[in-house]
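> So that we are looking at the same thing, I have put the structure below in structure tokens.
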Amino acid sequence: MNTISLKQIFLIAFVLTGIFSCAKKQEDNSLTLDEYMKMGVPDPAKVWDINDFSQAYGALAKLKWDRPYQLPVKGSKKSGVLFEHMLSLKNVSFLMDSTLSLNEKAERISAFVLVCDHWIDIYSNPVIDNYYRSELIDIQIFNLRLTEKMVNLATQINNSDDPTAVVLKYGYKTIKMNYVSCLTTELKNQSHTSQFLKQDLERMADSVFASVERNREWMDSSARVDVKQSLRLVLDSTSSDHVRNKYTTLEKSL
């Protein structure tokens with residue numbers, strides 16, 4: 001009788017684990033909006049301030065280890081609205097409020113720096129590694145968009161004649177550096193192609209491409225070198241023609 005090698009056993013176990021994980025995701029084990037709200041998550045029908053985000057983080061953090069498959073998920077009929085709201089730029093619509101001073105806007109958006117860190121912490125769980133890979137890509141895209149919003153506000157402040165905003169101008173260079181750092185970090189994460197679905201990596205490539213195109217004019221030579229090196233990491237690892245075409249074009253434009 002033929003014996004099964006240890007390597008074959010591990011391969012079979014790996015495949016079955018992958019099938020099981022996919023099945024669990026397709027079954028949608030997330031909760032309903034009412035159930036999340038009973039746990040303390042604020043109503044996603046309203047714009048959240050930073051206190052609402054902290055409250056949501058506290059509630060969802062309890063699920064991470066106790067019921068890890070029940071976090072809000074992208075596209076879910078039960079929880080998709082909540083997940084979308086957690087990453088919605090409508091929550092920073094105060095940036096368009098003409099009644100707020102630049103100082104007030106800067107103070108409010110600076111508090112949002114921790115939001116993405118909180119969501120990455122919630123959806124990163126080594127026990128169910130890669131289960132929330134699509135959600136993590138969306139969180140990274142949101143992080144880049146939010147950082148870009150900070151750059152836009154910093155640019156407004158830098159170009160402003162408002163004497164009360166003078167002291168904020170000293171942070172302009174740092175905020176632009178933060179954007180480049182965020183961009184290069186996410187590109188490095190994207191280079192780990194085996195951890196994500198191809199379509200998610202392509203969505204991220206579209207987002208990165210559009211963001212860099214909007215910001216490359218202010219990037220100095222050092223920033224451009226950093227971004228190009230990070231783009232090269234993805235180009236050397238991806239099997240997607242879409243990602244390769246996007247990033248090759250972007251690399252040339254820098």
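> Quick one: pull the percent of accessible area on the chain belonging to carbon and sulfur, 1.4 Å probe, ligands and nucleic acids left out.
54 percent
> Right, here's the next one. When all protein chains stay in place, what accessible area (Å², nearest 10, 1.4 Å probe) is found for residue 133?
Per-residue accessible area (residue 133): approximately 60 Å².
> Now, a different point. Compute the Rg to Rh ratio over region 64-115 from the alpha carbon atoms, using the Kirkwood formula for Rh, and round to two decimal places.
1.15
> Rolling a 1.4 angstrom probe over the protein heavy atoms, how many square angstrom per residue are accessible across region 151-254?
Working: 5620 Å² over 104 residues.
Roughly 54 Å² per residue, with all protein chains present.
> Let me ask something else. Could you sort 177, 37 by their accessible area in this structure, using a 1.4 Å probe and putting the largest first?
Values: 177 115, 37 75 Å².
From most exposed to least exposed: 177, 37.
> Next question, about the same structure. Given the options 167, 227, 81, state which has the largest fluctuation in a GNM of the chain using a 10 Å cut-off (strictly under) for Cα springs.
Largest GNM mean-square fluctuation: 167.
> While we're on this one: Ranked by accessible surface with a 1.4 Å probe, highest first, in what order do 96, 204 come?
96, 204
> OK, next. As a test of reading the structure, rank 192, 242 by solvent-accessible area (1.4 Å probe, protein chains only), most first.
Reading off the accessible areas and sorting them downward yields 192, 242.
> Please compare each pair in 198/246; 74/198; 105/176; 46/198 to a cut-off of 24 Å on the Cα-Cα distance and tell me which ones are over it.
46/198
> Taking P(r) over Cα pairs in 10 Å bins from 0, in percent straight from the coordinates, which label in (1) 7, 24, 20, 16, 13, 10, 7, 3, 1, 0; (2) 7, 30, 38, 20, 5, 0; (3) 6, 26, 30, 24, 10, 3, 1, 0, 0 is the correct one?
Among (1) 7, 24, 20, 16, 13, 10, 7, 3, 1, 0; (2) 7, 30, 38, 20, 5, 0; (3) 6, 26, 30, 24, 10, 3, 1, 0, 0, the one calculated here is (3).
> Same structure, new question: With every protein chain left in place and a probe of 1.4 Å, what is the accessible surface of residue 164, to the nearest 10 Å²?
80 Å²
> Still on this structure: What Kirkwood Rh does region 162-254 have if only Cα atoms enter the pairwise 1/r average? Answer in Å.
14.0 Å
The values are calculated or read from the model by the stated rules, or taken from the named source; none is laboratory data. Remember, it's a predicted structure, so these values are computed and weren't measured experimentally. Side chains are part of the model used for accessible areas, which takes the heavy atoms of the whole protein and leaves out ligands, DNA and RNA. Shrake-Rupley method; radii C 1.70, N 1.55, O 1.52, S 1.80 Å.
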